[in-house]
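This report concerns only the one structure given below.
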Amino acid sequence: HIYTVDSDQKLVLSIGVAGYKWSKPLLVHTGHLKPIQTPQRIQLESSPKHRLELKMDNTFDERHVRVMVIFSPFWIVNKTGLEMSYREDSGFIAGPVFTLDHA
């Protein structure tokens, strides 16, 4: 939880996930009341060909409290017992997808 932020300053956020490098800093507050287009894309790499792509919604609730939700645009459940990965159209291999005993 972040309880206090100087609203006149820019605020950036980096995301870390075990097995991946930290994401590049992501602008979450401009220092003005100007909204930020969401969802924002967050990419983490474990190698040049393996990456994890997350999304972040960055909004305000009815009390003007900032709400940031980080999520995966899809979730794959691998029940095969075999290691699995998938490839995006861009050629990046996004994975691996672990079996349920690793989750």
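Once all protein chains are placed together, His29 keeps about 20 Å² accessible to a 1.4 angstrom probe.
For Leu26, the amide hydrogen comes within under 5 Å of the amide hydrogens of Leu13, Ser14, counting only partners 5 or more places away or on other chains and with H modelled in the peptide plane. Each Lys or Arg adds one and each Asp or Glu takes one away; over the other residues whose Cβ falls under 11 Å from the Cβ of Lys21, this sums to +1. The Cβ shell under 12 Å around Thr38 holds other residues with a net charge of +2, Lys and Arg each +1, Asp and Glu each -1. Protection proxy ranking, highest mean first, for peptides 5-16, 36-47: 36-47, 5-16, where packing is the per-residue count of other beta-carbon atoms within 10 Å, averaged.
The values are calculated or read from the model by the stated rules, or taken from the named source; none is laboratory data. Being a predicted model, the structure only gives us computed values, none of them experimental. Neighbour counts run over all protein chains shown; Cβ positions are idealised from the backbone, glycine included. These accessible areas exclude ligands, DNA and RNA; they are computed on the full protein's heavy atoms, side chains included. Shrake-Rupley method; radii C 1.70, N 1.55, O 1.52, S 1.80 Å.
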